[in-house]
Amino acid sequence: GIGWIRDGEASLRDLALPVARANDLCYLPCFTGITDSVCETIVKELERDGNVDRAWDFSKEAEVFYEYAKKYGVDIDVYDLVNEPHNRCWPKLLGGGWWGGDWIKVFVPWGRQVTQAIQRGDHQAMVLWEDVDQLMWYPQFYERGAFDSIAVISPHPYNLHQETPYP
């Protein structure tokens, strides 16, 4: 039967967690909605100096994740960093896309800071980083230093064979 609920709009006013509790289900929050503030930070930083390959400070945005984990961590084992990062603002603002690229240079520092914030709020937390079916981004994440932040990789199987890649 069904054992999990996954919600892509997890927020400090989480509405899916009570449903999971009421139905004795595990809950996997996904922070797609919360990441919108990251786009605003990226735009401001690009306007300021345009340098995308440096240490970006997302500590202000990460505090929301800390508060979430502190508030709800007792009910959560795994947190999904963000759904389909290649469809969010990173590639649009920084370059790259489905196959990875420059967006990963900023995504990894953001992901590391968010992971650390979640783990400060919930010391037992595991953070899931999404990838696609061929684990194309994981080597790029690893090269950029994310190896100590990733507890779980979730490949999204949009296609089953390399002969028919998406898009």
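The values are calculated or read from the model by the stated rules, or taken from the named source; none is laboratory data. Just so it is clear, the model here is predicted, and its values are computed rather than measured. Quick reminder, even Gly has a Cβ in these numbers, built from the backbone with ideal geometry, and neighbours come from all protein chains shown. Accessible surface is based on the protein model in full, side chains and every heavy atom, while ligands, DNA and RNA are left aside. Shrake-Rupley method; radii C 1.70, N 1.55, O 1.52, S 1.80 Å.
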Name the residue, out of Y158, Y142, that is at pLDDT below 85 and of a type in the set (F, W, Y).
Y158
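Within region 3-35, work out how many residues are acidic (D, E), over 15 Å from E130 (Cβ atoms) and touching a residue at least 12 places away in the same chain (Cβ under 8 Å). Reasoning before the result, please.
Start the filter on region 3-35 by keeping residues that are acidic (D, E), which leaves 7, 9, 14, 24.
Still in the running and over 15 Å from E130 (Cβ atoms): 9, 14, 24.
Keeping just the survivors that are touching a residue at least 12 places away in the same chain (Cβ under 8 Å) gives 9, 14.
Number satisfying all stated conditions: 2.
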Select the helices (runs of 4 or more DSSP H) contained entirely in region 88-152, then report the ones holding at least 3 residues which are open to solvent by 50 Å² or more (accessible area, probe 1.4 Å).
103-121, 138-143
Which condition number in (1) under 29 Å from G50 (Cα atoms); (2) in contact (Cβ under 8 Å) with a residue 60 or more places away in the chain is the one that W90 fails?
(2)
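Each row is one residue, and each column tells you yes or no for (1) over 12 Å from the mean Cα position of the chain (by Cα); (2) on the phi < 0 side of the Ramachandran plot.
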| residue | (1), (2) |
| --- | --- |
| E61 | yes, yes |
| A69 | yes, yes |
| E84 | no, no |
| P91 | yes, yes |
| W99 | yes, yes |
| W110 | no, yes |
Restricting the first residue to region 130-148 and requiring it to be polar (S, T, N, Q), which pairs with a second residue that is open to solvent by 80 Å² or more (accessible area, probe 1.4 Å) meet a Cβ separation below 8 Å and a spacing of at least six or different chains?
Q134/Q162
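Return yes when V43 is touching a helix residue (DSSP H, G or I) at 6+ places or on another chain (Cβ under 7 Å) and open to solvent by 20 Å² or more (accessible area, probe 1.4 Å) and no when it is not. Quick ask: steps written out before the conclusion?
Details: touching a helix residue (DSSP H, G or I) at 6+ places or on another chain (Cβ under 7 Å): yes; open to solvent by 20 Å² or more (accessible area, probe 1.4 Å): yes.
It is true that V43 is touching a helix residue (DSSP H, G or I) at 6+ places or on another chain (Cβ under 7 Å) and open to solvent by 20 Å² or more (accessible area, probe 1.4 Å).
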D7 meets each of (1) open to solvent by 30 Å² or more (accessible area, probe 1.4 Å); (2) touching a Cys at 6+ places or on another chain (Cβ under 7 Å); (3) modelled with pLDDT of 85 or more with one exception, condition (3)
Selection within region 47-81 - part of a loop (DSSP other than H, G, I, E, B), closer than 22 Å to H123 by Cβ and open to solvent by less than 20 Å² (accessible area, probe 1.4 Å)
F58, I76, L81
